[in-house]
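Contents: one structure, followed by commentary.
What follows draws every value from the coordinates through simple rules; no lab data is involved. Computed from a predicted structure; not experimentally measured. Quick reminder, even Gly has a Cβ in these numbers, built from the backbone with ideal geometry, and neighbours come from all protein chains shown.
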Amino acid sequence: MNPSIWELETFYRKRDIIIIGAGFTGLWTAISIKEKFPKKSVLVLERSAIPIGASSRNAGFACFGSLTEVIADSEKMGWQKTVELVKMRVDGLQKIKTYFKPETIDFELCGGYEILNNDSALSQLDEVNERLKNITGISETYFLSNSKIAEFGLGKTNTLIENPIEGSLHSGKLLYQLLQKCHNLKIEFLFGTEVLAINETFTSVKLSTESIELETEKLVIATNAFTKKLFPDINLVPARGQILVSETIPDLKLKGTFHYDEGFYYFRNLGNRILLGGGRNQDFKNEETTEFSTTEFLQNHLEQFLKEVILPNQNFKIAHRWSGIMAMGIEKSPIIEKISDRQIAAVRLSGMGVALAPKVGELVAKLI
Ligand SMILES: Cc1cc2nc3c(=O)[nH]c(=O)nc-3n(C[C@H](O)[C@H](O)[C@H](O)COP(=O)(O)OP(=O)(O)OC[C@H]3O[C@@H](n4cnc5c(N)ncnc54)[C@H](O)[C@@H]3O)c2cc1C
């Protein structure tokens, strides 16, 4: 179907900046760019009717890293990069709170907890607290909280670490608020528009979609786990995360966000229900995929975990199951880099993109 002259001069006109992907990264980037350059036209392209990747399908933890995650990161990439990354996440969470009232995104400073499988991390507790105190603003970011094991009714738990400044939020409501903010800033959108190929010329960047070719001065690629379709050599791997949510549990004792096994398992209360996700490390190879399905193997494994650790001796029924796709790399740091003078990649947000995306957006706006 040929586009009409009216369509070509409005919906499909050339823009100053096009962003591919309407997840947290694409939306925060659009906001940061428009705030910095109010006169520039900004268009976000999203392949689906709603953003579908990780942002609308995650666990809603407003977190910046559990004790063992921080230690594991420091072993992989050194303390300097680890501390910088924690700072980026803490600042990102602060930015979310500055932009949106807690009740509009169901933000709750519920406190975060980590169940330790063994106590080896405890020997580094003081060192980690010392390294993070200027970032979090408290001298004990993590502390022992074993008295709460019984209070929460947890099974198979010897040691519980508490982090008082971790919270939870509603990812769908956060996306809604971000979209609202984008509309207020006159950022434009084309949903249901998948970019199939990118072609940079001396004068612009051209984007092929199924129905139309779009043109822009500058391009931001915020397609996270799906970036390999456009840039096969990019250094990331997709990582599916599977989730289940229980039906309402009468007298649920558990409250807060919980991490287990270096963050491979995560669970929280959602009102009086339990949301549980993870276990990817039980089936790494099959979970390295961009397919949005769930597997019987991992869902059974999660149910077993729910039965043994979270709700021992309690009956429960599962109400919902789904999956979302993250992007991982050798390091946890996101890729924020200029691919050319006209193109910037902002991808590989790993498992803490809620907190990272606000700052990624700012960094991209500086690079534009
Ligand atoms: C199961 C699960 C649980 C998680 N839990 C948490 C958590 O509790 N806390 C936390 O901080 N983080 C969590 N994360 C990670 C977090 O959700 C991500 O890091 C973050 O959402 C990444 O945002 P993004 O915008 O970069 O990517 P995405 O949200 O994946 O957005 C990319 C968008 O690009 C679009 N797109 C892709 N290709 C194209 C194309 N060619 N053309 C047009 N559009 C395209 C996709 O449709 C998608 O909407 C979790 C992730 C998963 C999967």
> Just in the range 181-275: which chymotrypsin sites (Phe, Trp or Tyr not before Pro) are loop by DSSP and have at most 11 other Cβ atoms within 10 Å?
Replying inline: Phe202
>> Explain nothing, just the number: dipole magnitude of the chain about its Cα centre with +1 on each Lys and Arg Cβ and -1 on each Asp and Glu Cβ, in debye rounded to the nearest 20.
In response: 920
>> Let me make sure I get this right: for the range 149-260, a, b and c are the square roots of the gyration tensor eigenvalues over alpha carbons, sorted descending. Under 1.5 in a/c it's rounded, otherwise prolate if a/b > b/c, else oblate. Which is it?
In response: prolate
> When you count, for each residue, the other Cβ atoms within 10 Å and take the mean per peptide, how do 21-32, 5-16 rank with the highest first?
Replying inline: 21-32, 5-16
>> Taking the beta-carbon count within 10 Å as an exposure proxy, list Lys95, Lys40 from fewest neighbours to most.
In response: Lys40, Lys95
>> Can you compute the helix-only [θ] at 222 nm over the chain? Use -39500 (n - 2.57) per DSSP H run of at least 4 residues, normalise by all residues, nearest 500 deg cm²/dmol.
In response: -9500 deg cm²/dmol
> So what's the angle, to the nearest 10 degrees on a 0 to 90 scale, between helix 24-36 and the longest Cα principal axis of the chain?
Replying inline: 60
> Quick one: which of 164-175, 243-254 comes out on top by average Cβ neighbours within 10 Å, and what's the full order, highest first?
Replying inline: 164-175, 243-254
>> Can you return the lysines within cross-link range of Lys14? Criterion is Cα-Cα under 27 Å, with same-chain partners fewer than 8 residues away left out.
In response: Lys34, Lys36, Lys39, Lys40, Lys181, Lys186, Lys206, Lys218, Lys228, Lys229, Lys338, Lys366
>> At 0.36 nm per residue, and after removing the present C-alpha to C-alpha distance, how many nm does the segment from Lys173 to Ile318 gain when stretched out fully?
In response: 49.9 nm
>> Which order do the peptides 121-130, 281-290 come out in when sorted by mean C-beta neighbours inside 10 angstrom, highest first?
In response: 121-130, 281-290
> Classify the range 25-64: rounded, prolate or oblate, from the alpha-carbon gyration tensor (a ≥ b ≥ c, eigenvalue square roots; a/c under 1.5 rounded; otherwise prolate if a/b is larger than b/c)?
Replying inline: oblate
>> Just to confirm the number: angle between the C-alpha axis of helix 353-367 and the first principal axis of the chain, 0 to 90 degrees, nearest 10?
In response: 30
> Between the range 251-284 and the range 93-163, what's the alpha-carbon centroid distance in Å?
Replying inline: 14
> Near Lys156, which lysines are there with a Cα under 19 Å away, not counting those fewer than 8 places off in the same chain?
Replying inline: Lys148, Lys253, Lys255, Lys307
> Hey, which lysines would be in cross-link range of Lys81, C-alpha to C-alpha under 18 Å, not counting anything within fewer than 8 residues on its own chain?
Replying inline: Lys133, Lys332, Lys359
>> Among Leu252, Ile52, Pro164, whose Cα projects farthest towards the positive end of the dipole of the chain, with charges put on the beta-carbon of Lys, Arg (+1) and Asp, Glu (-1)?
In response: Ile52
> Once Lys and Arg get +1 and Asp and Glu get -1 on their Cβ, which of Ala62, Ile33, His320 lies farthest toward the positive end of the dipole of the chain?
Replying inline: Ile33
> When all C-alpha to C-alpha distances in the chain are sorted into bins of 10 Å, what percent of pairs does each bin hold, rounded to whole numbers?
Replying inline: 5, 24, 32, 24, 11, 4, 1
> Full extension from Glu288 to Phe231: what is 0.36 nm times the residue separation minus their Cα-Cα distance, to one decimal in nm?
Replying inline: 18.8 nm
>> Taking the number of other C-beta atoms within 10 Å as the exposure measure, put Met328, Met1, Met352, Met88 in order starting with the fewest.
In response: Met1, Met328, Met88, Met352
> Considering only DSSP states other than H, G, I, E and B, which trypsin sites (Lys or Arg not before Pro) in the range 320-368 qualify as loop sites with at most 14 other Cβ atoms within 10 Å?
Replying inline: none
